[in-house]
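**Student:** The structure's right below; bear with me while I get my questions together.
Bear in mind that the values in this text are calculations on the coordinates, not laboratory data. Predicted model only: the values in this text are computed from it and were never measured. No Cβ is skipped: glycine too gets one built from the backbone with ideal geometry, and neighbour counts run over all protein chains shown.
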Amino acid sequence: MNTPPPSLMIETLTGVTRDAFQRRNAVTSLLTGALAVAVGTIVTAGWFFDSAALKSPLAGQVPMKANTALCFILTGLALMLSSRAFSPTNIRIAQFCSLLAGLVGLVTLGEYVFGWDTGIDQILLSASSDAPSTLHPGRMAPDTALCFILLTIGLELTFRAQKTTAIFLSTTILASLMTAVALAATASHLMNLIGAFGLLGIMPMALPSALLFIFMGMACILISWPPGISIWSFHGRSAAACAIWTFVLAASLVWSLHREERFALQTAAAFARANISKDISFRKWATSHGGVYVRSNVDTPPNPYLQHPARDVLTTSGVKLTLMNPAYILRELQQNFGDEYGTRSRITSLTPLNPINSADAWQAKALKSFVQGAKELQEVQNLNGRLYLRIMQPFIVESGCLKCHAGQGYLLGDVRGGIDSSVLLDNYLAPGREHGTLLALSHSGIWVIGLLGLGFSYRRESLLNAETEQATKVLKDYNAELERLNYALSHELRSPLVTVKSFLEFLTQDLATGDGERIAKDIGYMHTATDKMTQLLDQLVMISRIGRVVNPPVSVTFSELVGDVLDRLAERIAEQEAEIEVDQCAIEFYGDRPRLTEIWHHLLDNALTFRGEHPLRIRIGVALENSIPRFYVSDNGCGVDPRYHEKIFGLFDKLNAKNKGTGLGLALVKRIVELYNGAITVESEGLGHGCCFRFTLPGALKGNETGTDKEKREWMVNRL
Amino acid sequence: MDGKPVVILLVEDDPAHAEIVKRNFETFQVANRLIHVADGQEALDYLHREGSYGAPEASPRPGLILLDLRLPKVDGLDVLKIVKDDPSLQSIPIIILTTSDAESDIARAYSCKANSYLVKPVDFYKFADLLKTIGYYWLAWNQNPHLN
């Protein structure tokens, strides 16, 4: 029967899906790549023309570094190039571009960790053009560098034309790690915290960089997604589990670091407030005394801004005293002895009497907010590359203040000015950093252990899946064959029955007429039909036994097997006067001896049956192909038309109507060969040119009999 | 009908079955010439006038084809498909005469435009009856297309 092979339909379907897949991948690569190149170009232009708006396209506080922009252009180009059909040149350029970006990331990270100075920070622009607030001008943030390393590995993986599930899973893990880092940076920007990065004393990557990394991570996952795998499939779920695990661990780490940092900040703030309180109490004390007279000298000259009739007095012993007003006392304390408190504080006002006390931008902002009713303002600031916590509290006008400041129009309860206390955060962050390092290490450890666990369960499940698939395939094959057998039986067995019934009737008629010639013919037809039925039944029993009856496996050599067959067919060989040549070889089998014998038996039988006119010569032997023994039985008989090379192995498929065979012999051989994981083919140049059957029996070779093969075979047997 | 009985092409790999058909047609005095070919390739050679059927006089156009399904070399269904796809042959009525009563075979035969599907009965009288009916219906009653 010519059933349209169902595998063909699946092929075409997959073909269509694959096309759609490639289109989707191409569009994803192209769009994401173009976005990265565009943003990179805008920022590079920003550095070139020194435009702050262009440097930070999302108006964040942190500009994207020129190096980062360059790397985005490179990786974006790589993605865009990979979106074209896989031409080797394109891929090579794409690989080069992404490797370059990864290298910049690697060197930058090395600079942070080992304190190198490679000059890579200023490949594009000189140091002077960067904001002075960064400790390392032009250097991309360490998280950016890490992300570029991850991105490069991810891209190199996705550039492989072969989309295996292993590549898909690795890319997913890399991309989720990258996305998690970028999300942490985004979170710290959006929540306006110094974020987990404060612990390390660095600014996180710029917001647009973080967003680009997230996009590119998603693109990598999408591109490496093998066709035909749904998110709900086993592989899809495994990838999702890896990604979720990465995000959970990253979130937990960021949250823990953030808590460490809050703790450090609170401690620092408490210290700053204590300092402010101390300053305020000093000032109150001084105010309550209406100022204090001290010996005036070079360090403490009379305050030129103090309007007081008795500012300078001379004691009876001739000592020059000058009146220090509260602000003067405090300023001197803060200026000369601030270091002893580990903090620098400053009194300031929007309308100072002494211009030294005038407010800077932040102080002015704070003072304005105090007028609005705020009680305190605090901010972490990066001054010359070091982090400070600045806290400012207002000075409220009390009666003592008005002695000097009444002239400025203040009323009781007004905000006269403020005290700004800056605490260097390094000391407070140090324990947090220690904790943070431990947290980062433990989280990384847990992350890796989790991934390993996921990997193990993935392996286990995929092995199970493969087994189930294999089993299902075997079952399907058997079902299909059973159906075929069932159908063929109804046809093949009914056919001789029709003959017998009909010719019995003809025989009755012919006996009545006494036509001797016809009677002989009738009986002849019935003989043929019954012979055919017998043969059919015999072979059907044999073919069904392949699965059911398993003789215990024994060791047997090639020569022994062939010897058996030659003995069995000795009579027919003599009858056909066939010349048979057998190769000598030391191959030893381990398997079901009677079954293995069937193979050579049927092939030799075929050779003896389908002979040509000339003397029959048959060769039985073995040749090594890629160190796998491949057996052959060749003859110079009538040969097989190349059109039927497949068909001859089918159940009941006969090529010659006059052939007395049942069409089961070669089907039987094929089943035995496949039972031993082998394959059989026939070679023939056509009718009259002889033919050669070649087959392998990997599962039957001694020493090659693996546990799996054995189990599989037993499994198949049990299920028949 | 121009009076001259149409030629019947019997495609049957089992010589015994071919003999049964032949004898029954003789019994029922079906006057048509019955040509027997033993496999699908031979049937195609006959219809395409190739190989041993090269001469047109050796291969008169059949007015009816009795086709078995399971045939050596070229399968019955393939013969059916090839004939029904060939504009010069497609009008020849084809009766599938087989031992298979598998639903899939019946469905496929009709989807390949078989004109009729008959299962060979095991019982002789029924088989004889069937062949008689074929003779009456397809060769006497049925108006077959005019063939050149």
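**Student:** The stretch A:494-642: percent of C-alpha pairs farther apart than 24 Å?
**Tutor:** Result for the distance tail: 54 percent.
**Student:** Next question. Percent relative contact order of chain A, based on C-alpha pairs within less than 8 angstrom and at least six residues apart?
**Tutor:** Relative contact order for chain A comes out at 7 percent.
**Student:** Taking every pair of distinct Cα atoms and averaging 1/r, then inverting, what Kirkwood hydrodynamic radius in Å comes out for the stretch A:183-314?
**Tutor:** 20.8
**Student:** Compute the helix-to-body angle for A:426-513: its Cα long axis versus the longest principal axis of chain A, expressed 0 to 90° and rounded to tens.
**Tutor:** 20
**Student:** Pull out a ≥ b ≥ c, the square roots of the eigenvalues of the alpha-carbon gyration tensor of the stretch A:532-605, then state rounded if a/c is under 1.5, prolate if not and a/b is larger than b/c, and oblate in the remaining case.
**Tutor:** Here the stretch A:532-605 falls in the oblate category.
**Student:** On average, how much area does the Cα convex hull of the protein assembly as shown cover when viewed from any direction, in nm²?
**Tutor:** Its Cα hull, projected and averaged over all orientations, spans 59.0 nm².
**Student:** Okay, moving on. Assuming a ≥ b ≥ c are the square roots of the Cα gyration tensor eigenvalues, decide whether the stretch A:473-575 counts as rounded (a/c under 1.5), prolate (otherwise, with a/b larger than b/c) or oblate.
**Tutor:** Verdict is oblate for the stretch A:473-575.
**Student:** On a 0 to 90° scale, report how tilted helix A:165-190 is relative to the longest principal axis of chain A, with both axes built from alpha carbons and the result rounded to the nearest 10.
**Tutor:** For helix A:165-190, the angle is close to 20 degrees.
**Student:** Among the aspartates and glutamates, which fall within straight-line cross-link reach of A:K163, defined as a Cα-Cα distance under 19 Å, with same-chain neighbours fewer than 8 residues apart omitted?
**Tutor:** The reachable aspartates and glutamates, counting only those whose Cα sits under 19 Å from A:K163, are A:E11, A:D19.
**Student:** Take A:L675, A:L155, A:L190 and order them by how many other Cβ atoms sit within 10 Å, fewest up front.
**Tutor:** The fewest-first ordering by Cβ neighbours comes to A:L190, A:L675, A:L155.
**Student:** May I ask you to give the average projected area over all directions of the convex hull of the Cα atoms of the stretch A:491-533, in nm² rounded to one decimal?
**Tutor:** Orientation-averaged projected area of the Cα hull: 2.5 nm².
**Student:** Test of the criteria: in the stretch A:584-650, which GluC sites (Glu not before Pro) are in a DSSP loop and have at most 15 other Cβ atoms within 10 angstrom of their Cβ?
**Tutor:** Loop-located and lightly packed - A:E613, A:E646.
**Student:** Oh, and also: Rounded to the nearest 500 deg cm²/dmol, what is the calculated helix-only ellipticity per residue at 222 nm for chain A, with -39500 (n - 2.57) per DSSP H run of length n ≥ 4?
**Tutor:** -20000 deg cm²/dmol
**Student:** Report the rotationally averaged projected area of chain B based on its alpha-carbon convex hull, in square nanometres.
**Tutor:** The orientation-averaged projected area of the Cα hull of chain B comes to 8.3 nm².
**Student:** On to the next question. Past the 24 Å Cα-Cα mark, which pairs from A:K532/A:K647; A:K670/B:K120; A:K501/B:K132; A:K278/A:K403?
**Tutor:** Check vs 24 Å cut-off fails for A:K670/B:K120.
**Student:** How about B:K81: which aspartates and glutamates have a C-alpha closer than 14 Å to its C-alpha, ignoring those fewer than 8 places off in the same chain?
**Tutor:** The reachable aspartates and glutamates, counting only those whose Cα sits under 14 Å from B:K81, are B:D68, B:D105.
**Student:** So, one more: Taking the alpha-carbon distance from A:K65 and a cut-off under 28 Å, which lysines remain once sequence neighbours fewer than 8 residues away in the same chain are dropped?
**Tutor:** Counting by Cα, and skipping residues close in sequence, A:K65 has these lysines nearby: A:K55.
**Student:** Assuming a viscosity of 1.306 mPa s and a temperature of 10 °C, what translational diffusion coefficient in µm² per second does Stokes-Einstein assign to the stretch A:335-473, Rh being the Kirkwood radius over Cα pairs?
**Tutor:** 80
**Student:** Shifting gears a bit: For chain B, calculate the relative contact order in percent as a whole number, restricting contacts to Cα pairs under 8 Å that are 6 or more residues apart.
**Tutor:** RCO, chain B: 24 percent.
**Student:** Then there's this: Using a Förster distance of 60 Å, how high is the FRET efficiency between A:V292 and A:I244, based on the Cβ-Cβ distance and rounded to 0.05?
**Tutor:** 0.35
**Student:** So how compact is the stretch A:438-503: Cα radius of gyration and Dmax in angstrom?
**Tutor:** Final numbers for Rg and Dmax: 28.0, 96 Å.
**Student:** Ranked by Cβ crowding within 10 angstrom, fewest neighbours first, how are A:S281, A:S188 ordered?
**Tutor:** Placing the least packed residue first, the sequence is A:S281, A:S188.
**Student:** Further, regarding this structure: Return, for the Cα atoms of the stretch A:323-377, the radius of gyration and Dmax in Å, separated by a comma.
**Tutor:** Taking only Cα atoms of the stretch A:323-377, I get Rg and Dmax of 12.4, 34 Å.
**Student:** Calculate log10 I(q)/I(0) of the stretch B:75-148 for q = 0.14, 0.27 Å⁻¹, where I(q) comes from the Debye formula with a single equal point scatterer on each Cα and nothing for solvent.
**Tutor:** -0.50, -1.24
**Student:** Could you line up A:M216, A:M324 from fewest to most neighbouring Cβ atoms inside 10 Å?
**Tutor:** A:M324, A:M216
**Student:** Starting from 0 in steps of 10 Å, tell me what percent of the Cα-Cα pairs of the stretch A:410-455 lands in each bin.
**Tutor:** Distribution as computed: 21, 20, 17, 15, 12, 8, 5, 1 percent.
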